[in-house]
1. Quick one: which helices (runs of 4 or more DSSP H) lie wholly within region 135-205 and hold at least 1 residues that are closer than 26 Å to Val86 by Cβ and not assigned by TED's automatic domain parsing to the domain that holds Asp56?
2. If you take the residues in region 1-54 that are farther than 28 Å from Ala199 by Cα and not in a helix (DSSP H, G or I), which one is farthest from the chain's Cα centre (by Cα)?
3. Out of all the residues in region 208-263, which are farther than 17 Å from Ala278 by Cβ, surrounded by fewer than 17 Cβ atoms within 10 Å (Cβ to Cβ) and of a type in the set (S, T, N, Q)?
4. So Arg96 fits all but one of (1) surrounded by 14 or more Cβ atoms within 10 Å (Cβ to Cβ); (2) of a type outside the set (A, V, I, L, M); (3) modelled with pLDDT of 85 or more; what number is the exception?
5. Residues to consider are Gly172, Gly212; find the one that is in contact (Cβ under 8 Å) with a residue 40 or more places away in the chain, out of contact with any Leu (no Cβ under 7 Å at 6 or more places or on another chain) and not acidic (Asp, Glu).
6. Restricting to region 135-165, give me the number of residues that are crowded, with 18+ Cβ neighbours inside 10 Å and among the aromatic types (Phe, Trp, Tyr).
7. So how many residues does region 16-53 have that are under 19 Å from His156 (Cα atoms), out of contact with any strand residue (DSSP E or B) (no Cβ under 6 Å at 6 or more places or on another chain) and of a type outside the set (Asp, Glu)?
8. State which residue is surrounded by the fewest Cβ atoms within 10 Å (Cβ to Cβ) when the search covers only region 99-134 and only residues that are without any contact (Cβ under 8 Å) to a residue 40 or more places away in the chain and over 21 Å from the mean Cα position of the chain (by Cα).
Amino acid sequence: MLTKFQLGWGVAQWVAFLKDKEIPVFAETRDRLTALCEEKQDQVSPKELTAIVFDDPFLVLKLLRRVEGRRSRTLGQETTTALASVLQAGVDDLLRTVRHSALADESLAAMKECAKRTVVAARIARAWAMTRADISPDEVALAALLAESGELLLWHFAAELPQKAIDELISGRALRTVQAQQQAVGFSFKQMTLELVEAWALPQLIALLIRGSDTLRANVARLAGDTARHIAVHPENPAIPADLVNIKNLIPATSHSVLIAPLPISAEYKERVLHAVAQGDYSRTAG
């Protein structure tokens, strides 16, 4: 439980508190990696490992911090994809890291939902980036995956704070997530994520993409996160047609049907969304 003093901390104090904390992993990740390596032994491929690692934003952040900490600031190349983090860590070090990590409290349903949302955002971001022949769709995906690192760490180390933000939304005192966070704790969790990225000296490219407004790639990552959040609220969220219009405006050469394809929503609702967008009427899509 947080002290009264901690409940009054601002973003700078929370960044100072969290920046050196051990990042946990999910027990499911540990079990899946262990089972894969025991089954395939020396035949396991980096892509197979990455597929599991990518489902755990905690572990991706942990690996990225470790490999960047080892990199020479003058000679090394920045690590900007999850696959690169896995390759640089190596299989043995990856398994050792996971086995000796603290475990995230999976009884916190909202934390698991936050993690799942970032994974969905990353998959959408990669798919959208690929449609525009992005130089590295995996970089855009990594930014979307890590965009809510601040909130995830708060769930693990100070769950009262993100819970207060949720309560603010439920009460109706706030209409939007960022507003709820600012009213509940005095800062946005995205702001804290960006300050943590700076404190950890993570690649500047990742910070730029997480910020979500400076470049086309950054906007793709941000819109993927917004869309994943809308889907998490309800798989037939009436905001989804507007999300589709917004990403189409960024990637005009790609059709609406291609852009909606990676969204984890029903085929029936996709058809309704496409029809609503074609008619310019978004008000009839909610079921």
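1. The qualifying helices (runs of 4 or more DSSP H) are 137-146, 149-157, 189-199.
2. Out of the qualifying residues, it is Val44.
3. Ser213, Thr215
4. (1)
5. The match here is Gly212.
6. Count: 1.
7. 11
8. Ala133
The values are calculated or read from the model by the stated rules, or taken from the named source; none is laboratory data. The shown structure was predicted, so the numbers you read here are calculated from the model rather than taken from an experiment. Methodologically, a virtual Cβ is constructed for each residue, glycine included, from the backbone with ideal geometry; neighbour enumeration extends over all protein chains shown.
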